[in-house]
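The values are calculated or read from the model by the stated rules, or taken from the named source; none is laboratory data. Computed from a predicted structure; not experimentally measured. Here the Cβ positions follow ideal geometry from the backbone for every residue, glycine too, while neighbour counts run over all protein chains shown. Surface areas here come from the heavy atoms of the whole protein model, side chains and all, with no ligands, DNA or RNA. Shrake-Rupley method; radii C 1.70, N 1.55, O 1.52, S 1.80 Å.
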Amino acid sequence: MEHPLKNQNSLNPTLFEGGVSVSKIYLWPVLLFLSLCLFHFSDYFVGLFHDDAYYFLTAKSLLNGHYADLAVPGEPALTAYYPGYPAIIAAWSLFAGHNIFSAKLLSLILSFCSFLLALKLAARDLNDRRLYFFAVFMALHPFTSNYAGAVMSEPAFLVLSLLALSAFSKEKEYLFAFLTAACFLVRPAGLNLLAAGVVSLAASRRPASAIKVLLIFSTAVIPWLIRNYFAQLDTGGSAAFASFHFSQQWVDDLRATANPLPAISTVVSDNIVFYGKMIPFFVFLPFGFLSAGSGFSAILAPLFLLISCVFALILVIRARMNDINALYVFFYLIFHIFWINQDQRYLYPLTPILFIILLSHWDVFQTKLKSTQRLNRLTPWLIAAGIGFFSIGACLGQLRYQIPKKFGGKVKPSFLFPAESFAWIRANLPPSAVIGSTAKARIFLYTERKGCELPRTPHPDAYCHTLLESGANYLFFRGTEADIATAGMVGQAERRQRSLRRKFLMQRSRYRLRYRNDREKTFIFEIAADRKKFSEALHLLKSGYAAWRQKKHDSAQKYFRQALRDDPSLMSGYDALVLMLAENGKYSQAIAAAKDAIRAFPIHTPAHWRLGQLYRMTGEKQMAHQEFEIALNLAKRDQDPEMEKFCLAALKP
């Protein structure tokens, strides 16, 4: 069914009075967009987002004939990143060379192509006046030019999705299926494009075409999923989830929470509020690049998102499920409501499509306005002026940290390339060093030192043990750096883990500060724990647990004390010894052991809480109250709501 606005007043050689040609009119938005892309070209260093470092390194791996994680010792098979964008970089590198400049140049070219393709797609549904408005909006919009210098997958995904939508409009099912598969292999969100195409074809009574699209898509992506499945078999457990990556991420992150089911509900509710803020303040009125939507209430945010989803659904129903653009928006929003990670850049591929839908269906709103004909004509111009104003303001907001960088002034810390820290690593750490960090690909890219992930555990002994098992001997932290935002209880667990990482580093016998750079906000620690003694202490600890289970308390106490002699920082040994002594009524010895634990690690929250319990059992209420207060303050600093709840309950009269 042809859109009512399609080709209306389109391709007029004299769009405005005075005979200005269409080609000259569109030249200015195109040049404006290109100039903004060039200005943003040097905004981000490769590795700032971490994903960009992985894309660059994975492309190098493909050029070497395999798909491996080059940043990890042993270079295991890589499953966490889909191969679509690295393959595009690798193909480009055959022509332009594999270096950082060429990778950034590719991103600029893809951003420019996405702008031109968006104009081409919009030309199907918009008359010339609205199409010109669309060109100006997209040229000024921060999203469209912001990633021109970042080696991220968003521009490639947008180019492929726009090509796929264009192919669908021309009823080229084979090409649509192939491009949709390419979108999926760039980012899992490509599934939404497949769903939109299949539903649209089925609603148009073209089931054969829908099946054809599904078969071609499956043929293209199933080999990758099978490869991922077998690559994960050695890890045990959820290999099927790992083949999809995003499902595996759900499983891994929800395991980090105490209650997975409530965690899912908090993820959904947090995402509704988050994207309810992002759509109005980063897409339609991108004032959020200045304010981040901080004034948008938690009530209006989900309401706006609900209105967006309902509006997309109404457009779908009005078009008898044929409007693939509206279907794509609807599925895309629903998909990201359930996605654990949060980021406004996830809305980047929707920006041009949302504007196309808004402008192409403007008559739906205009006919509802009970006002004069003059006001009806003026309304689009007022909206255009408003969006243009906020777009310009948003561009200026994006540049506020970039202008000092270009002219030698103060730079926002997270945008600062840690050149001095990387130079220190290259000069002082051996090539065999393994560095634990939240951005191992970035560190490997600039220092050629391999790395490992930082453990997720609330206990200092398990944290150290996991690091030693992974072969790490150094730790790299950046004060301005945080893991990607996650929603709900998972986000709370991530924030708590970051607090605990800083806390664990206070164990001076295990971690020794080797380098600190206040300008770059970087810290490099050496893992000073004796691997042999730590391993022997853990073995004795396990023997003590076994003797305790067999009611051999004297033997268990002997094992625990021997473990603590081998490693005086072994908090698990103190915890076990205190609990066992208290269980046997030896409160004075248990109190002495708890005090030893506090001397060894003064900010170990469970030790203070247990000492408070022991004081309460022996009738020393004032001492107990003091220890519970200390434990409560530590729990708040650790962002540990469960321990905080225990402490508050213990402090109640």
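Conditions tested, residue by residue: (1) open to solvent by 90 Å² or more (accessible area, probe 1.4 Å); (2) touching a Pro at 6+ places or on another chain (Cβ under 7 Å); (3) farther than 15 Å from Pro568 by Cβ; (4) at pLDDT below 85.
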residue	(1), (2), (3), (4)
Glu494	no, no, yes, yes
Gln497	no, no, yes, yes
Leu500	no, yes, yes, yes
Lys503	no, no, yes, yes
Arg510	no, no, no, no
Leu513	no, no, yes, no
Thr522	no, yes, yes, no
Glu526	no, no, yes, no
Asp530	no, no, no, yes
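Considering the range 137-188, the residues that are in a helix (DSSP H, G or I) and of a type in the set (D, E, K, R) include one that is least open to solvent (accessible area, probe 1.4 Å), namely Glu154.
Restricting Phe477, Phe534 to those that are touching a His at 6+ places or on another chain (Cβ under 8 Å) and either modelled with pLDDT under 90 or in a loop (DSSP other than H, G, I, E, B) (or both) reduces the list to Phe534. Residue count for the range 632-653 satisfying the condition of being under 13 Å from Pro458 (Cα atoms), in a helix (DSSP H, G or I) and not small (Gly, Ala, Ser): 4.
Please tell me if Arg637 is open to solvent by 50 Å² or more (accessible area, probe 1.4 Å) and either within 16 Å of Ala582 (Cβ to Cβ) or among the polar types (S, T, N, Q) (or both). Criteria not met by Arg637. Looking only at residues in the range 195-229 that are within 24 Å of the chain's Cα centre (by Cα) and open to solvent by less than 20 Å² (accessible area, probe 1.4 Å), which one is farthest from Ile324 (Cα to Cα)? Selected residue: Asn228.
Here Ala546 meets each of (1) over 27 Å from Lys503 (Cβ atoms); (2) not in a helix (DSSP H, G or I) with one exception, condition (2).
Beta carbons closer than 9 Å, at least 6 apart along the sequence or on distinct chains, pair a first residue in the range 202-215 that is closer than 17 Å to Leu175 by Cβ and part of a helix (DSSP H, G or I) with a second that is open to solvent by 40 Å² or more (accessible area, probe 1.4 Å) and β-branched (Val, Ile, Thr) for Ala210/Val199. Scanning the range 46-103 for residues that are of a type in the set (Gly, Ala, Ser) and more than 22 Å from the chain's Cα centre (by Cα) yields Ser61, Gly65, Gly74, Ala90, Ala91, Ser93, Ala96, Gly97, Ser102. When the range 566-595 is filtered for residues that are open to solvent by 60 Å² or more (accessible area, probe 1.4 Å) and assigned to a helix (DSSP H, G or I), the ones remaining, listed by number, are Leu579, Glu583, Tyr587, Ser588, Gln589, Lys595.
Count of the range 549-565 residues, restricted to those that are of a type outside the set (S, T, N, Q) and surrounded by fewer than 20 Cβ atoms within 10 Å (Cβ to Cβ), is 8. Among the candidates Ala77, Ala71, Ala103, Ala90, the residue that is in contact with a helix residue (DSSP H, G or I) (Cβ under 8 Å, 6 or more places away or on another chain) and open to solvent by 50 Å² or more (accessible area, probe 1.4 Å) is uniquely Ala77.
Report yes if some residue within the range 89-106 is charged (D, E, K, R) and touching a residue at least 40 places away in the same chain (Cβ under 8 Å); otherwise report no. The answer is yes, given that some residue of the range 89-106 is charged (D, E, K, R) and touching a residue at least 40 places away in the same chain (Cβ under 8 Å). Whenever a residue of the range 311-335 is assigned to a helix (DSSP H, G or I), its partners that are modelled with pLDDT under 60 and open to solvent by 60 Å² or more (accessible area, probe 1.4 Å), lying with C-beta atoms within less than 6 angstrom and at least six residues away or across chains, give the pairs Phe330/Leu313. Scanning the range 31-55 for residues that are touching a Lys or Arg at 6+ places or on another chain (Cβ under 7 Å) and either hydroxyl-bearing (Ser, Thr, Tyr) or open to solvent by 30 Å² or more (accessible area, probe 1.4 Å) (or both) gives a single hit, Phe41.
Taking each residue of the range 623-642 that is farther than 21 Å from Pro653 by Cα and looking for partners that are of a type in the set (D, E, K, R) and open to solvent by 20 Å² or more (accessible area, probe 1.4 Å) with beta-carbon atoms closer than 7 Å, six or more apart or interchain, yields Asp638/Arg496; Gln639/Arg495; Gln639/Arg496; Asp640/Arg496.
The single condition from (1) open to solvent by less than 80 Å² (accessible area, probe 1.4 Å); (2) within 36 Å of the chain's Cα centre (by Cα) that Glu642 fails is (1). Checked against (1) without any contact (Cβ under 8 Å) to a residue 60 or more places away in the chain; (2) more than 26 Å from the chain's Cα centre (by Cα), Phe133 meets all criteria but (1).
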